[in-house]
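K.L.:
Got a structure here, written out as structure tokens. Questions coming.
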Amino acid sequence: MNTPAENRRLRRLFREQRRVLGAGTQAAHAEAVARVVINARLLLKLDACGLYFTHPDDGELDTLPLLSRLWSAGKTVGCPVVTENGTMDFYRVRPTTALVLNRYGIPEPRTRGRNAGSYLNPRRLSVLFLPLVAFDGVGGRLGMGAGYYDRFLGRIPRALRPLVVGLAHEVQRSSTPLPQQPWDVPLDAVVTEAGWQAFHLRAKVSH
């Protein structure tokens with residue numbers, strides 16, 4: 001049943017499942033996901049991608065191993081910044097970019113001043129790696145409920161949208177379809193410690 005109460009229940013369930021993963025397991029999963037992504041031949045054509053910084057206390061898959069590999073491969077990486085009016089934009093992040101904590105306690109690039117990140121045009125992104133609370137077997141994604149990523153992608157014409165790839169732990173997989181709204185943008189693929197799963201033909205990769 002697609003109700004706010006059911007969504008809250010599912011978020012509690014899947015957030016708790018990832019929070020109980022030990023530090024060693026968390027680190028191993030983050031390294032496994034980074035290896036899978038960087039070895040995907042699809043990424044050879046990657047120019048710029050969007051990638052998020054992980055919330056330190058919520059069990060999210062650590063993205064720093066992937067970020068490090070993308071930098072080493074010479075890729076342009078942009079990270080999200082949410083403005084006070086709820087708009088999400090991406091700013092380029094380099095090893096020297098200054099970071100600040102946003103209202104949720106998540107690092108994001110500084111947009112002004114010394115060592116600030118530079119704005120990235122949304123249409124430049126080839127791949128958008130995004131967080132999730134849960135995912136299902138057909139590309140459905142349950143986020144935190146604020147809708148930032150759906151609104152961001154909604155600003156881009158469908159034919160020009162980046163590949164939408166979720167990053168998660170396998171314990172965040174739902175065995176039943178997740179509730180979706182008409183404005184929810186489905187995943188093209190998801191990557192967990194178990195590997196890359198494509199939900200759309202354009203997201204199929206070889207290794």
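K.L.:
Name the single residue, out of those in the stretch 53-85 being in contact with a helix residue (DSSP H, G or I) (Cβ under 9 Å, 6 or more places away or on another chain) and of a type in the set (A, V, I, L, M), that is farthest from Arg112 (Cα to Cα).
P.N.:
Only one residue tops the list, namely Leu61.
K.L.:
Restricting attention to the stretch 22-52, and to residues there that are more than 21 Å from Leu160 (Cα to Cα) and touching a helix residue (DSSP H, G or I) at 6+ places or on another chain (Cβ under 7 Å), which single residue is surrounded by the most Cβ atoms within 10 Å (Cβ to Cβ)?
P.N.:
Val33
K.L.:
Looking only at residues that are touching a Gly at 6+ places or on another chain (Cβ under 9 Å) and of a type in the set (A, V, I, L, M) in the stretch 143-170, which one is nearest to Leu128 (Cα to Cα)?
P.N.:
Taking the candidates together, the pick is Val164.
K.L.:
Small (Gly, Ala, Ser) and out of contact with any Pro (no Cβ under 9 Å at 6 or more places or on another chain) - does that describe any residue in the stretch 80-91?
P.N.:
Within the stretch 80-91, one or more residues are small (Gly, Ala, Ser) and out of contact with any Pro (no Cβ under 9 Å at 6 or more places or on another chain).
K.L.:
Got a sec? Which of Arg94, Arg103 is within 30 Å of Val20 (Cα to Cα), of a type in the set (D, E, K, R) and either buried (at least 19 other Cβ atoms within 10 Å of the Cβ) or over 17 Å from the mean Cα position of the chain (by Cα) (or both)?
P.N.:
Arg103
K.L.:
Can you work out which of the residues in the stretch 141-195 that are free of Cβ contacts under 8 Å to residues at least 60 places away in the same chain and of a type in the set (Lys, Arg) is farthest from Cys49 (Cα to Cα)?
P.N.:
By that ranking, first place goes to Arg173.
Here's the yes/no breakdown for (1) more than 15 Å from the chain's Cα centre (by Cα); (2) closer than 28 Å to Val205 by Cβ; (3) modelled with pLDDT of 95 or more; (4) aromatic (Phe, Trp, Tyr):
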site: Asn7; (1), (2), (3), (4): yes, no, no, no
site: Ala34; (1), (2), (3), (4): no, yes, yes, no
site: Asn39; (1), (2), (3), (4): yes, yes, no, no
site: Leu51; (1), (2), (3), (4): no, yes, yes, no
site: His55; (1), (2), (3), (4): no, yes, no, no
site: Pro65; (1), (2), (3), (4): no, yes, yes, no
site: Val77; (1), (2), (3), (4): no, yes, yes, no
site: Asn85; (1), (2), (3), (4): yes, no, no, no
site: Phe90; (1), (2), (3), (4): no, yes, yes, yes
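K.L.:
Of all residues in the stretch 105-127, how many are in a helix (DSSP H, G or I) and basic (Lys, Arg)? Working first, answer last.
P.N.:
Initially, the stretch 105-127 is screened for residues in a helix (DSSP H, G or I), giving 122-124.
After this cut, where a residue has to be basic (Lys, Arg) as well, the list is 123-124.
Within the stretch 105-127, residues that are in a helix (DSSP H, G or I) and basic (Lys, Arg) number 2.
K.L.:
I'd like to check something: does the stretch 23-45 contain any residue that is within 26 Å of Pro177 (Cβ to Cβ) and of a type in the set (Asp, Glu)?
P.N.:
No: the stretch 23-45 contains no residue that is within 26 Å of Pro177 (Cβ to Cβ) and of a type in the set (Asp, Glu).
K.L.:
Across the stretch 92-104, which residue is farthest from Leu153 (Cα to Cα) among those that are of a type in the set (Lys, Arg) and assigned to a loop (DSSP other than H, G, I, E, B)?
P.N.:
Among those residues, the one meeting the criterion is Arg94.
K.L.:
Still on this structure: So, in the stretch 118-140, how many residues would count as being surrounded by 22 or more Cβ atoms within 10 Å (Cβ to Cβ) and out of contact with any Phe, Trp or Tyr (no Cβ under 6 Å at 6 or more places or on another chain)?
P.N.:
Within the stretch 118-140, residues that are surrounded by 22 or more Cβ atoms within 10 Å (Cβ to Cβ) and out of contact with any Phe, Trp or Tyr (no Cβ under 6 Å at 6 or more places or on another chain) number 5.
The values are calculated or read from the model by the stated rules, or taken from the named source; none is laboratory data. Note that the coordinates shown come from a computational prediction; the quantities given were computed from them, not determined experimentally. Heads up, the Cβs are rebuilt from the backbone with ideal geometry, glycines too, and the neighbour counts pull from every protein chain shown.
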